[in-house]
Amino acid sequence: MSQPRPLLEAFTMNPAKKDLVLGIILVLTFSLVFLVVIPAAVVVPGGIKISATAPDYWPKLISAAIALLGLAVLAQGIIGIKQNPTPPPGKEAAGNGENKNSGFFKTATAIIGLLAYYWLVIPLGIVAASMLALPGFAVIYGERRVKVLVPLALLLPMALYFFFTRVANIPMPLGIFE
Amino acid sequence: MYENLATGFALFASLNNVFAIMGGMLCGVIVGAIPGMTGTMAVALALPFTFYMNPITGILLLVGIYKGAIYGGSISAILIKTPGTPAASCTVLDGYPLAQKGQAGKALHMALYASCVADFISNLSLIFFAGFIASFALRFGPPEFFTLICFSLTIIAGVSGASLLRGVISGCIGLLLATIGLDLIYGTGRFSFGSADLMAGLNFIPVLIGLFALPEMINAAAKGFEARAEVSSLGDQGVSWPEFRRCIKTIIRGSFIGVVLGAIPGIGGAPAAFMSYSEAKRTSKFSDNFGKGEIEGVAASESGNNGCCGATMIPLLALGVPGDVITAVILGAFMIHGLTPGPLLFQQNITIIYAIFMGTMLSSFMMFIMGKLSIKVFAKIADIPKGLLFPIVLVLCFYGAFAVNNSMFDVLIMVILGFLGFFMLRFGLPAAPFLIAFILGPMFEDNLRRSLLISKGSTNIFFRSPICWFFIALTAISMILIFRRNAGKKSKAAQ
């Protein structure tokens, strides 16, 4: 029976492939930063006599350095692939394709969960959003004991709220509980 | 002099002062251990309570909170890979791997012992060498700072792990992100895109939490846990005498690195911790274990960051110049009580100075007692299954990130840096160089530009003083050693 193909190769890339992908990402991203983002996003006043003191000098220098270092990583990756055309899989490749797919889905769920938690704080408040996020993430991590999760989800966000607002005097957004 | 000492002792020797140090230390440890809460926040919150206290009691309370917070940051760094303070971020490198191996107790105890010894040495330096170190610190101008930070950035090599290339890339990304905000010389926006939040730059607390805590949690989702897996409890794990003896040299060296860097205004505990760690790794017989749970790594980082504690008071007391944000708040406490730190304080209020010195010496012993107590309490965290612990820490991170500036922007930064940290984790880019560069980058750039403005563009300014030459030589030696070590590793791998 053939194994399901992993959906995202980042979970199974060998070191040379990782170097290749990382190198490409770094070169493209930081070339874009150098050529487009910095001229658009860094305000340079007129009349600067010493170019090294200009506000855009240092960001340009760093982004150029990263792009060049990215080329080095890319070169490393290409050399690695040429030396080993059929290399051994990376360490994440242990296990079958089904495990790799489920790992990818759980990771994607965790990332979406983080974004959802952030977005829910604004309308619901930090207490209510945390009451949803805590059991949600616990389920992602495999915790299933309702008798533990429900009291924890209710009590911890409230306890933290009281600590920050009453003890530390730091206001927290209550949202729907206001 | 003996009369002044006796008067100082009489001023210090009261139960109020002892309780102030004890209470301050306990509050500081708790605050320092909570991600998002900083010693600065705790000291600022406690400041109004000192209005009605005796000046010595009030100042010792704040000093207790400060020192407790510096030590407390190591607790969460070791147990949940979320440094409570920036200075504890280096402790994560070996403290957390030790906790993962079921040796959290050993790591916590070593952090405590290293912190107490370093704090004691720092207090002695404050008392005996305040004048000398203060006059040395006064000789630092922009070129001297620049060359010092150049040397400090070579620490990146020590914490880059297996790949120096990836470590440098990570450091450069940290340098670039540190440029976000208003340009300090011309006041123009850099990467702010018209946003008032971005004009203030990225706060390092959300960056710290996002970079260290969140990637671990995202990565853990893929691996999954046995929900009820037994986590190794701390049991009676401590540090044996042979283990402590092995680390004594590292602790003493780290303490003095902390003293020197702490006495220079604006440097802070994090660079001292990383520099101490880097030196320990370079000279240790067990350098290959660093980053994988080496107890000497914990000792090095904690001694570096606690070595700063007493030393940051040196420029404050001797010159009236606060060494960092916390000592700036403590300066406020002095002024509230009608005391003006500086040379005149030593002439007009020497008995108060002696009383404060005695209190700071006692604080090292209090740190030991409070630390032992807090280990027993916080150690229960090691017993919580990861399936529950990670969501709890996540909620705490969200509260903590929001608490920094009462702003959802900081929470957003934490989440975005979490994704960046996960990408870095997946592609083997280490987080520690990013953090060092993020902290040191602004100082590096500002001092470079200030120096060039002073010298009207001439680079000769960077060779103007023996201090500059000293740090340039150290940087050159450090880089030669780095390349030799790298070349040695590559030839071993080829064989």
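The values are calculated or read from the model by the stated rules, or taken from the named source; none is laboratory data. These figures come from a predicted structure and were not determined experimentally. Here Cβ is always computed from backbone atoms with ideal geometry, including for glycine, and neighbour counts include all displayed protein chains.
Determine which member of the set A:L35, A:L8, A:L26 is modelled with pLDDT of 95 or more, surrounded by fewer than 20 Cβ atoms within 10 Å (Cβ to Cβ) and aliphatic (A, V, I, L, M). From the options A:L35, A:L8, A:L26, the qualifying one is A:L35.
Applying the set (1) in contact with a Pro (Cβ under 7 Å, 6 or more places away or on another chain); (2) under 21 Å from B:N17 (Cα atoms); (3) of a type in the set (A, V, I, L, M) to B:V92 leaves exactly one unmet item: (2).
Applying the selection to region B:18-73, what residues are outside any helix (DSSP H, G or I) and of a type in the set (G, A, S)?
Start the filter on region B:18-73 by keeping residues that are outside any helix (DSSP H, G or I), which leaves B:34-38, B:51-54.
If the condition is that a residue be outside any helix (DSSP H, G or I) and of a type in the set (G, A, S), then B:G36 is the only one that fits.
Could you identify the single residue in A:A94, A:A108, A:A52 that is modelled with pLDDT under 95 and under 19 Å from the mean Cα position of the chain (by Cα)?
Values: A:A94 fails: under 19 Å from the mean Cα position of the chain (by Cα); A:A52 fails: under 19 Å from the mean Cα position of the chain (by Cα).
One residue alone meets the criteria, A:A108.
In this structure, B:I330 does not qualify as over 27 Å from B:F49 (Cα atoms), among the β-branched types (V, I, T) and in a helix (DSSP H, G or I).
Look through B:I185, B:I218, B:I121 and report the one residue that is closer than 24 Å to B:G266 by Cβ, of a type in the set (A, V, I, L, M, F, W, C) and surrounded by 18 or more Cβ atoms within 10 Å (Cβ to Cβ). Outline the logic, then answer.
Details: B:I185 fails: surrounded by 18 or more Cβ atoms within 10 Å (Cβ to Cβ); B:I218 fails: closer than 24 Å to B:G266 by Cβ.
When all the criteria are applied, what remains is B:I121.
Within region B:87-95, can one find any residue that is surrounded by fewer than 24 Cβ atoms within 10 Å (Cβ to Cβ) and touching a residue at least 40 places away in the same chain (Cβ under 8 Å)? Steps first, please.
The first filter runs over region B:87-95 and keeps only residues surrounded by fewer than 24 Cβ atoms within 10 Å (Cβ to Cβ), leaving none.
No, the conditions are met nowhere in region B:87-95.
Checked against (1) more than 30 Å from A:T109 (Cβ to Cβ); (2) assigned to a loop (DSSP other than H, G, I, E, B); (3) away from chain A (no Cβ under 14 Å), B:S160 meets all criteria but (3). Identification of helices (runs of 4 or more DSSP H) wholly contained in region B:379-495 with 3 or more residues that are charged (D, E, K, R) and within 30 Å of A:P15 (Cα to Cα) yields B:466-494.
Okay, residues lined up against (1) more than 28 Å from A:A133 (Cβ to Cβ); (2) modelled with pLDDT of 90 or more; (3) at the interface with chain A (Cβ under 9 Å from one of its Cβ atoms):
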{"position": "B:I369", "(1), (2), (3)": "yes, yes, no"}
{"position": "B:V377", "(1), (2), (3)": "no, no, no"}
{"position": "B:P385", "(1), (2), (3)": "no, no, yes"}
{"position": "B:V393", "(1), (2), (3)": "no, no, no"}
{"position": "B:N405", "(1), (2), (3)": "no, no, no"}
{"position": "B:F409", "(1), (2), (3)": "no, yes, no"}
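Listed here are the residues, each with its yes/no results for (1) of a type in the set (S, T, Y); (2) modelled with pLDDT of 80 or more.
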position	(1), (2)
B:L11	no, no
B:N16	no, yes
B:M22	no, yes
B:M25	no, yes
B:T38	yes, no
B:A42	no, yes
B:P48	no, no
B:N54	no, yes
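Scanning region B:306-347 for residues that are buried (at least 19 other Cβ atoms within 10 Å of the Cβ) and among the polar types (S, T, N, Q) yields a count of 3.
Every condition in (1) over 28 Å from B:P385 (Cα atoms); (2) of a type outside the set (S, T, N, Q); (3) surrounded by 12 or more Cβ atoms within 10 Å (Cβ to Cβ); (4) more than 8 Å from chain B (Cβ to nearest Cβ) holds for A:F163 except the one numbered (1).
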